[in-house]
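First the structure, in the form of structure tokens, and then the observations on it.
The values are calculated or read from the model by the stated rules, or taken from the named source; none is laboratory data. Small disclaimer: the values here were computed from a predicted structure and weren't measured. Glycine gets a Cβ as well: all are built from the backbone with ideal geometry, and neighbour counts include every protein chain shown. With ligands, DNA and RNA removed, areas are computed over all heavy atoms of the protein, side chains included. Shrake-Rupley method; radii C 1.70, N 1.55, O 1.52, S 1.80 Å.
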Amino acid sequence: MKISEIIPKTLEEAVDTLFNSIDEVDIKAIEKEKLTFSSLHHSLGTKIRNTWGLWGNSRLTKHFKNRFGLGHADDMSGIILEMLDSKYFNKEFDLARKVEFYHSYWIKQRTDPLTQKPIV
């Protein structure tokens, strides 16, 4: 899958961009290997994080920080991939529940989910 160099503005735009770039090679690989997009954290997820500047301060990063209070690139790409799964496989995705999952995870680690700084 080719990742657009143009950084999406929102989560929804990111999912739509990826969905529209799925080609026959991707479809065959997914069906043959019985994969989901969210299982591609280390391949497609890495491309998303690096190409769309999720480790930095891109407009998509700012969107995630402002809308969801999440500042870790892995969390952002995870949500994008799970929403892509939801759209591609026509299944439900509870965005609020997933955001809460990441918030809870970081709080248990004594880390602020937004800033990624230790909570003292």
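Structure values in brief
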read-out: Answer from Lys2, Lys9, Lys32, Lys87 - the residue that is under 25 Å from Leu114 (Cβ atoms) and open to solvent by 50 Å² or more (accessible area, probe 1.4 Å); value: Lys9
read-out: Which numbered condition Thr115 fails, given (1) surrounded by fewer than 17 Cβ atoms within 10 Å (Cβ to Cβ); (2) at pLDDT 95 or above; (3) closer than 27 Å to Ser21 by Cα; (4) more than 12 Å from the chain's Cα centre (by Cα); value: (3)
read-out: Residue that is nearest to the chain's Cα centre (by Cα), among those in the stretch 59-85 that are within 8 Å of Ser38 (Cα to Cα) and among the acidic types (Asp, Glu); value: Glu82
read-out: Flag for Asn50 being within 24 Å of Ile107 (Cα to Cα) and either open to solvent by 60 Å² or more (accessible area, probe 1.4 Å) or under 12 Å from the mean Cα position of the chain (by Cα) (or both); value: no
read-out: Identity of the residue in the stretch 17-29, within 12 Å of Lys87 (Cβ to Cβ) and touching a residue at least 12 places away in the same chain (Cβ under 8 Å), that ends up surrounded by the fewest Cβ atoms within 10 Å (Cβ to Cβ); value: Phe19
